[in-house]
Amino acid sequence: MSGLDLAQLRADTPGAAHGIHLNNAGASLMPRPVVEAVKAYFDLEAAWSGHGAAEREAERLGGVYGSVARLIGAAPDEIALTESATRAWQMAFYALARSLRPGDRILIGRQEYGASLVALRQVAAATGAVCEVLPATPDGPIDVAALGGMLDGRVRLIAATAIPSNGGLVNPVAEIGALARAHAIPFLLDACQMVGQRPVDVAALGCDLLAATGRKFLRGPRGTGFLYVRRAWIDQLQPAMLDHFGAPLDGHGYRLRDDARRFETYEHDHAARLGLGVAAEYALGLGLDQIAARIGVLADSLRQGIGALPGARVHDLGPDPAGLVTFTLAGQDSAAVRAALGRAGIAAGLSLHAAAPLDAEARALPPLVRLSPHVYNSEDEIGRALDVLARINRGELRP
């Protein structure tokens, strides 16, 4: 399957002893080095206080920016650390929104996350800008040719999701980025489900801003995320909210930082951030190509096995689906199927309308069961999950 050592991966994952975890698109199981780093930092805070611990670990905390930057092919000064991907996305979007005027156009993918749609609609109502949904090709991804035909001088932003939360679709991000760059239009990418699952190189993708989380495939602590801002854009964007960390006081005024940390505020969870840095280094140590290959094989096994069940329907789109497998069983409520899996010791996810509202409406999607494997999952676990699903499908297990 890959050059990864499954036995070592499972030994590195304490949570693997407590059942079959197939909800990595929701929140992964943290590897032991991440857990130990967070615990050790809390011990340091207990001994020396929050400020004392930060002073003693200043070098390692500062190194988190370099770790995250290496993960996505960026520079440390292009990284801001946040509490979540949603906050990272909001910080970027609301900074861009400051310059919007009536009639300006924002082009978005059909797979935008619910929280992002709220922000988009709020800003459109306040500024008079118009949000337009990009057409999709018959097999699901954003239609790049159609995007090219929609570009004009009024387009002020292109926003897209690399991999949505409601399935394995992978959008043609690099092609979108190339168009955006050619027309000097800022490109904001939601990479929540991509970072930690597949290789990410911001230069190759052509995005000017990228938001991601720590708790999903990256296997970091909950309450962590980051924002990438291409260096050429840093001085062009003023965050909608500032404090004296992002904008140090200067006489009777203030001076914005000259790096992406202008998007940060002073107070944050130092232990969690340290864990995020360790998670990034752990993923880099395994190799993102290796991670992607293993997840891909496990996800393909799930799709084939589920697709063979009578009445089952796999809802993933695109020619190269990622490690999010979404499906329904005929006549079965998805929430009940997820609960039955849970009683059998299998952690699954549930993809609701809010995961990608526009796509759910366009495809008339009901709630979907979502299984998302990671490198520490074994082939035996995949087989056991498929066996449980077959029993649920036959009515042998109470849904």
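Any read-out appearing in this document is the output of simple, stated calculations on the displayed coordinates, not a laboratory observation. Values in this document were obtained by computation on a predicted structure and should not be read as measured data. Virtual Cβ from ideal backbone geometry, glycine too; neighbours counted across all protein chains shown.
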Next item on the list: Name the helices (complete DSSP H segments) of the chain with a Cα length along the long axis of 15 Å or more and a Kyte-Doolittle mean of at least -1.0, or state none.
Entry: 32-56, 58-72, 85-97, 114-127, 270-286, 288-307, 379-393
Check: From the Cα gyration tensor of region 110-164, with a ≥ b ≥ c the square roots of its eigenvalues, which class applies: rounded if a/c is under 1.5, or else prolate if a/b is larger than b/c, or else oblate?
Finding: oblate
Notebook entry, point to check: For the peptides 162-175, 21-34, what is the packing order when you average, over each peptide's residues, the other Cβ atoms within 10 Å and list the highest mean first?
Noted result: 162-175, 21-34
Check: Rounded to the nearest 0.05, what FRET efficiency do GLU361 and HIS18 have when you use their Cβ-Cβ distance and R0 = 30 Å?
Finding: 0.20
Note to self: Cβ neighbours within 10 Å, averaged per peptide: list 48-60, 313-325 in order, most packed at the top.
What the structure shows: 313-325, 48-60
Notebook entry, point to check: For PRO164, what is the net charge nearby, where nearby means another residue's Cβ is under 9 Å from its Cβ and Lys, Arg count +1, Asp, Glu -1?
Noted result: -2
Checklist line | Beta bridges per DSSP with both ends in region 155-279, % antiparallel, nearest 5 | finding: 45 percent
Checklist line | For q = 0.12, 0.13, 0.25 Å⁻¹, Debye-computed log10 I/I(0) when each Cα of region 209-275 counts as one equal scatterer | finding: -0.37, -0.43, -1.11
Margin query: Along each principal axis of its Cα atoms, how long is region 277-399 end to end? Whole angstroms, biggest number first, please.
Written below: 44, 35, 26
Item checked: P(r) tail fraction, region 197-324 - alpha-carbon pairs more than 23 Å apart, % -> 52 percent
Next item on the list: Please compute P(r) over all alpha-carbon pairs of region 237-309, binned at 10 Å starting from zero, and give each bin as a whole-number percent.
Entry: 16, 23, 21, 19, 13, 6, 1
Margin query: Only bridges whose two residues both fall in the chain count here: according to DSSP, what percent of them are antiparallel, nearest 5?
Written below: 50 percent
Check: How much net charge surrounds ARG231 when only other residues with a Cβ under 15 Å from its Cβ are counted (Lys, Arg +1; Asp, Glu -1)?
Finding: -1
Item checked: Rg to Rh quotient for the chain, alpha carbon positions, Kirkwood Rh -> 0.98
Check: Taking N as the number of residues in region 45-130, what is its alpha-carbon radius of gyration divided by 2.2 N^0.38 Å?
Finding: 1.52
Margin query: Just want to confirm a number: the relative contact order over the chain, from Cα pairs under 8 angstrom separated by 6+ residues, in percent.
Written below: 24 percent
Item checked: Two-site label geometry, ALA146 and GLN290: point separation in nm, points 7 Å out along Cα→Cβ -> 4.1 nm
Note to self: If I take every Cα pair under 8 Å that is 6 or more residues apart in region 326-399, average their sequence separation and divide by the length, what percent do I get for the relative contact order?
What the structure shows: 39 percent
Checklist line | Dimensionless Rg over Rh [region 60-182; C-alpha; Kirkwood] | finding: 0.99
Notebook entry, point to check: Using 7 Å Cα-to-Cβ label points, what is the ALA336/ALA75 separation (nm, one decimal)?
Noted result: 5.8 nm
